[in-house]
Amino acid sequence: MKISFEDREYKIENGRAPRGYGHWGFTFEGYEFWASGTLTDAKRKCREKIKRLAPNGYTGTVFVNILP
C-alpha cells in the first residue's frame, strides 16, 4: 500500500508548507485523524492508523490531506 500526503490545501490556507511541532489533522477515505507532535511523528501515527483500517491485501494508494 502506498500512502501519499497532500499539503496543497494547507499551503493555500497558511501560505507555507506544513512543518514543525503542532496538532496535525489528516483526512483520508472519509476518516479524520488528529495527532500532536512533530509533523514527521504525526505522519507516522497516521500511516499506522491507515494500515489498521485498510483491508488485508489492499495495494492501492491512499491520499491523505493535511488539514489547514
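Nothing in this text is a laboratory measurement; each read-out follows from the coordinates by a stated rule. Model, not experiment: these values are computed from the prediction. Because the Cβ atoms are built from the backbone with ideal geometry, glycine has one as well, and the counts that use them run over all protein chains shown.
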**Request:** Take ILE50, ILE3, ILE12 and order them by how many other Cβ atoms sit within 10 Å, fewest up front.
**Result:** ILE12, ILE3, ILE50
**Dipole in debye (nearest 20) - the chain, about Cα centre, beta carbon charges: Lys, Arg +1; Asp, Glu -1** = 280 debye
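When only Cα pairs under 8 Å and 6 or more residues apart are kept, what is the percent relative contact order across the chain? Please list the in-between numbers first.
Numbers: 103 pairs, mean separation 34.3, N = 68.
Taking the mean separation of contacting Cα pairs over the length of the chain, I get 51 percent.
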**Fill in**
antiparallel share of DSSP beta bridges within the chain, to nearest 5, in %, is 65 percent
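Rank the residues PHE33, PHE63 as a footprinting-exposure proxy: fewest other Cβ atoms within 10 Å of their Cβ go first.
Working: PHE33 18, PHE63 13.
Listed from fewest to most nearby Cβ atoms, that is PHE63, PHE33.
How long are the three semi-axes of the equivalent ellipsoid of the chain, in whole Å, if each is the root of 5 times an eigenvalue of the C-alpha gyration tensor, listed from largest down?
Computed over the chain, the values are 21, 13, 9 Å.
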**Asked** Which one of ALA54, ILE66, GLY30 is farthest out on the positive end of the charge dipole of the chain, using unit charges on Cβ (Lys, Arg +1; Asp, Glu -1) and the Cα centre as origin?
**Response** ALA54
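Mean residue ellipticity at 222 nm from the helices of the chain, using -39,500 (n - 2.57) per DSSP H segment of n ≥ 4 over the full residue count, to the nearest 500 deg cm²/dmol? List each step's numbers first, then the result.
Numbers: 2 runs with 22 residues, N = 68.
Computed ellipticity for the chain at 222 nm equals -10000 deg cm²/dmol.
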**Prompt:** Expressed as an acute angle from 0 to 90° and rounded to the nearest 10, what is the orientation of the C-alpha long axis of helix 39-53 relative to the principal long axis of the chain?
**Reply:** 30 degrees
